[in-house]
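The values are calculated or read from the model by the stated rules, or taken from the named source; none is laboratory data. What you see is a predicted model; the values in this text were computed from it and never measured. For neighbour counting, all protein chains shown are included, and Cβ atoms are generated from backbone atoms with ideal geometry for every residue, glycine included.
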Amino acid sequence: MRTVPMTDDKKLLTPEEIETYQHDGVICLRNILDQKWIDLLNLGVDRNIENPSKHFGDFTKPGDDARCIRDYWSWENIPEYQDFFKNSPIAQITGELMQAEEIRFLEDQYFQKEPGSVTPSPWHQDQPYYELKGDWCIVWIPLAPCDEDDSLSFAKGTHRSGQLFTPKNFSNDNENYHIDEQSSPLSEMPDVDNGEYDIVSWALELGDMLIFHPRMFHSNIGNTGDRRARRFVCRWITENVTFDEKVFPWATMIEGHSLQHGDLLRGHKFPLIWTREKGMVGA
C-alpha cells in the first residue's frame, strides 16, 4: 500500500489529490486498495454472474465473437459487495475528494469484456443516465491489470461547464437514445476526438483505481488485449443528493426506494457508510 502523510484526523488523501479531482474531474489513485478487496470483489462478480439480476445486460456488438456483459443494482443479493462498501476505505476516499459531510452507497456495477472485444463504450457522461441532483462520483476499479489502451479515457475538465449531452444506448450499437425535441433539451455529444480536448488515460495495476465526476466525458475502445477485462464500478452520493424524478426520459433508479421528487436519498436502498464527524458507520 502507498503511504500518505497522516494527520490527527487520519485522512487518506493529500490536499493535492483533492485539488486534482476538483479541477480535472478525474483522478488516478495508485496502490490504494489491498489485494484482499480485489479478491473479494472478484468473488462477488463471480457470484453476480452466476446469479444475474433483472438488470443484467449483454452489450456485445453485433458480429463480435468476444462477449461483453454487465450487471448493476445487485448488491442486496451479493454479500461480497456489501462487505466491500461497508468496510473498505472507498467511502472515506470519496468523502474526502468531494469534501462531503456524509457518504452513502448508491450503486454497484460490473463490466466484463472478453479478450479481443471490439465493443466500445462511446464518449458519454454518467449524469444523464441517473435521476439524481447533487454531488456524487464514480469509482472504477480494475479486477485485472489494465493496459492504457484498454483503460478509460477522459477529456480533462469537461465536468466544469455543467452542460449535459444526450447519452448513448449501449445495448443498441451505441446509438443516441431516440427522443424528440420536446422531451429533452440536450445536445448531441461533441466530437471529443477532434484534437481540441486534453485526453488522458492510465494503465492500471491491481490496487489502483479511477474516480471521476458524473459530468466527465469518458470512453473505452473495448478490450484489445489477450486477457479478460473485468472492472467493478461503484457510485457514491453526498448528503445533498436528491431524487430528480424523470429528469430525462431514459433516466432510471433502483426500484422500491419510495422517494418523491426532491427527496434526499435516504433509506435502506442508500445506506450511510461514512461521515466526516464519526468516520466509518456502515459496518
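If you scan segment 131-149, which residues turn out to be more than 22 Å from V192 (Cα to Cα) and of a type in the set (F, W, Y)?
W136
With the checklist (1) charged (D, E, K, R); (2) under 19 Å from C137 (Cα atoms); (3) in contact with a Pro (Cβ under 7 Å, 6 or more places away or on another chain) in hand, flag the one item R227 doesn't pass.
For R227, the failing item is (2).
Would you check if there is a residue in segment 268-281 being touching a Gly at 6+ places or on another chain (Cβ under 8 Å), at pLDDT 95 or above and within 17 Å of D126 (Cβ to Cβ)?
No, segment 268-281 has no match at all.
When you scan segment 225-243, how many residues do you find that are charged (D, E, K, R), farther than 23 Å from Q82 by Cα and buried (at least 17 other Cβ atoms within 10 Å of the Cβ)?
Result for segment 225-243: 0.
Looking at segment 199-216, which of its residues are within 23 Å of W136 (Cα to Cα) and either among the charged types (D, E, K, R) or free of Cβ contacts under 8 Å to residues at least 60 places away in the same chain (or both)?
I199, S201, D208, R215
Of everything in segment 3-48, what is among the aliphatic types (A, V, I, L, M) and either at pLDDT below 95 or more than 30 Å from T158 (Cβ to Cβ) (or both)? Give them in sequence order. Can you show your working first?
First pass over segment 3-48, keeping only residues among the aliphatic types (A, V, I, L, M): 4, 6, 12-13, 18, 26-27, 29, 32-33, 38, 40-41, 43, 45.
Within segment 3-48, V4, M6, L40, L43 qualify.
Collect the residues in segment 9-59 that are crowded, with 18+ Cβ neighbours inside 10 Å, farther than 21 Å from L143 by Cα and not hydroxyl-bearing (S, T, Y), keeping them in residue-number order.
L13, E17, D24, G25
Restricting to segment 102-125, what's the tally of residues that are closer than 14 Å to V233 by Cα, of a type outside the set (A, V, I, L, M, F, W, C) and modelled with pLDDT of 95 or more?
4
Restricting the search to segment 246-269, which residues are among the hydroxyl-bearing types (S, T, Y) and free of Cβ contacts under 8 Å to residues at least 40 places away in the same chain? Before the answer, list the steps.
Within segment 246-269, the first condition is being among the hydroxyl-bearing types (S, T, Y), and the residues that meet it are 252, 258.
Correct list: S258 only.
Filter segment 203-226 for residues that are farther than 16 Å from Y110 by Cβ and at pLDDT below 95; which is farthest from the chain's Cα centre (by Cα)? First the steps, then the outcome.
The initial filter retains those residues of segment 203-226 that are farther than 16 Å from Y110 by Cβ, namely 203, 205, 207-208, 211-219, 221-222, 224-226.
Going one step further and asking which of them are at pLDDT below 95, we end up with 219, 221-222, 224-226.
Details: S219: 12, I221: 17, G222: 17, T224: 21, G225: 22, D226: 24 Å.
Checked segment 203-226; the qualifying residue farthest from the chain's Cα centre (by Cα) is D226.
So, in segment 133-163, of the ones that are more than 14 Å from the chain's Cα centre (by Cα), assigned to a strand (DSSP E or B) and closer than 22 Å to E107 by Cβ, which residue ends up modelled with the lowest pLDDT?
C146
Check every one of the strands (runs of 3 or more DSSP E) wholly within segment 29-129 and list those with 3 or more residues that are more than 30 Å from T166 (Cα to Cα) and of a type in the set (A, V, I, L, M, F, W, C).
Those strands (runs of 3 or more DSSP E) do not exist here; none qualify.
If a residue has to be of a type in the set (S, T, Y), buried (at least 17 other Cβ atoms within 10 Å of the Cβ) and closer than 26 Å to T60 by Cβ to count, how many in segment 188-224 make the cut? I'd like the intermediate steps shown before the answer.
Keep residues of segment 188-224 that are of a type in the set (S, T, Y), which gives 197, 201, 219, 224.
Filter once more, so that each one left must be buried (at least 17 other Cβ atoms within 10 Å of the Cβ): 197, 201, 219.
Within this subset, residues satisfying the condition of being closer than 26 Å to T60 by Cβ are 201, 219.
Counting residues in segment 188-224 that are of a type in the set (S, T, Y), buried (at least 17 other Cβ atoms within 10 Å of the Cβ) and closer than 26 Å to T60 by Cβ gives 2.
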